[in-house]
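Worksheet for the structure shown next.
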Amino acid sequence: MDGKVRAAVIGVGIGYLHLQGYVKSPHAEIVAVCDIDKGRAERVANEFGVPHVFTDYKEMLKMDEIDMVSVCVPNYLHAPVTIDCFEAGKHVVCEKPMAMNAVEGAAMVEAAKKANRKLMMAFNNRFRGDTQVLKRFIEAGELGEIYFAKTGWIRRQGIPGMGGWFTTKSMSGGGPLIDIGVHMLDVTMYLMGNPKPVSVVGVTYAKFGPRGLGQGGWGTPVEGGTFDVEDMAAALIRFANGATVFLEASWASYIQHDMMYSSLLGTEGGADLEPLRIYKQLQGTQADITPQFPRVSGHEQEILHFVECVKNDTEPISTGEHGLDVMKILDGIYKSAETGEQVAIE
Ligand SMILES: NC(=O)c1ccc[n+]([C@@H]2O[C@H](COP(=O)([O-])OP(=O)(O)OC[C@H]3O[C@@H](n4cnc5c(N)ncnc54)[C@H](O)[C@@H]3O)[C@@H](O)[C@H]2O)c1
C-alpha cells in the first residue's frame, strides 16, 4: 500500500491505548474515532487531533478514507461490528476475547476471507518485550519439546465494572475466564507454537460476585446491576501434539497477591514469564538465565505490527484462526463446567 495506513477506532475505553499505538507509527494516520458516548469520543479526538468523530459506527464505515479499524467495544459487539467492518472493506484489529463464542468467531474469520481483508486479534501479551525474547529462545530450540504449561491470571479483589457489561453474561460471554484467562491461555499457546486443542475439562465458581464482594478498580460499576458470570475458573486442556496446559483465572480469591504467570516445561529447558527466567542444564550444572528484554507496551507494539501488516500485505502473528482456537477452548471449558464431563474440541 502506498502512503499512510488510515485508521479508525470504535470504542475509546481500551481504544485509547490503540490510539497511542497509531500515533507512534510512522506509517499510520488516525482518521476517525467513534463512541456512543459523544463526550468521551470528543475528548479523545481532541487529545489525539483526530479530525472526524462519530457516535454511529455504521456512518463512520461509509468513509472511503478508512483502511483499518480497531474494534474496542464490549464483547457482545465484537462479532457484529467486525463483520460490518469487513463488509465495508476495512481491515480489523479486534480486542480480546474474539467474540462471545466460537460460532461468532468462525463467522468473523469467514467474513475476513470473503472480504479479502486481514483480521488480527489484539492479544497484547504476545507483543511484550519479555514474551518476544522468550519466543526467540523457544524458536531456537532452547526449551526442546514443550509438553506441559501452567498459566493463569488471578486477582485477589478485581471484579471489573460490577453490575455492568463485564459481569452480565449476555454482554460479556462470561467472567474472568473469557476476560483475563483468555490472555494467558493465548500467550501460552503462542509460546508453545499454537498447538491444536483436542479436549478440555473445566470448572467454574461464583463465590464472591453474588455476595457483592471482590470488586476491583476496573470498569464502571452499575448500582443494582447484574452478576451472572463466574468469578473463578480452572481447566486442563489437551492438545493434539500430546501437550497439556493447566489454566486458572479469577477476579476474586483469597490469595497472597495478584499474579499473571505462564510456566513452561520443555525437554531441554523450562521458562517462566513474569518475571522472565529460563531454566536449563548447562556445562553439567543447573542454570537459571535472566534474559534482558525491552520494556515496551504490548498494546502499542500490536498496533505498530498490524499497521505494518496492512501496509506490506503480510500476515499478523496473532490471527483470527488463533483467536478461534482459543474461543473453542473457552466454550469447551464453560460446557465442561456445566456438564461435569470432558468436552472434545473439533
Ligand atoms: N487487551 C486488553 O488488555 C484489554 C483491556 C481492557 C479491555 N479489553 C477489551 O476491550 C473491549 C472494551 O473494553 P473496555 O475496558 O474498553 O470497556 P469500556 O466499557 O471501558 O469501553 C467500551 C467503550 O465502547 C463504547 N461503546 C459501546 N457500544 C458502542 C457502540 N455500539 N459503538 C461505539 N462505541 C460503543 C462505550 O461507550 C465505551 O466508551 C472489551 O472487549 C474488553 O474485553 C482489552
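Here is how the numbers come out for the structure above:
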item: Top-ranked residue of region 1-54 - restricted to ones that are more than 16 Å from LEU304 (Cβ to Cβ) and modelled with pLDDT under 95, ranked as farthest from the ligand (Cβ to nearest atom); result: ASP2
item: Strands (runs of 3 or more DSSP E) within region 234-346 that include 1 or more residues touching a residue at least 24 places away in the same chain (Cβ under 8 Å); result: 244-250, 259-266, 270-273, 277-282
item: Residue in region 57-84 that is nearest to PHE166 (Cα to Cα), counting only those that are in contact with a Lys or Arg (Cβ under 8 Å, 6 or more places away or on another chain) and open to solvent by less than 30 Å² (accessible area, probe 1.4 Å); result: VAL69
item: Identity of the residue in region 155-172, open to solvent by less than 10 Å² (accessible area, probe 1.4 Å) and assigned to a helix (DSSP H, G or I), that ends up nearest to the ligand (Cβ to nearest atom); result: SER172
item: Within region 220-266, considering residues that are of a type outside the set (A, V, I, L, M, F, W, C) and farther than 25 Å from ILE159 by Cβ, the one surrounded by the most Cβ atoms within 10 Å (Cβ to Cβ); result: GLY266
item: Output for region 278-294, where each listed residue is surrounded by fewer than 16 Cβ atoms within 10 Å (Cβ to Cβ) and not hydroxyl-bearing (Ser, Thr, Tyr); result: GLN281, LEU282, GLN283, GLY284, GLN286, ALA287, ASP288, ILE289, PRO291, GLN292, PHE293, PRO294
item: Residue selected from region 116-154 under the condition of a type in the set (Lys, Arg) and in contact with a strand residue (DSSP E or B) (Cβ under 6 Å, 6 or more places away or on another chain), by the criterion surrounded by the fewest Cβ atoms within 10 Å (Cβ to Cβ); result: LYS150
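The values are calculated or read from the model by the stated rules, or taken from the named source; none is laboratory data. These figures come from a predicted structure and were not determined experimentally. With ideal geometry, Cβ positions are generated from the backbone for all residues, glycine too; neighbour counts draw on all protein chains shown. Heads up: the accessible areas ignore ligands, DNA and RNA and are worked out on the full protein's heavy atoms, side chains in. Shrake-Rupley method; radii C 1.70, N 1.55, O 1.52, S 1.80 Å.
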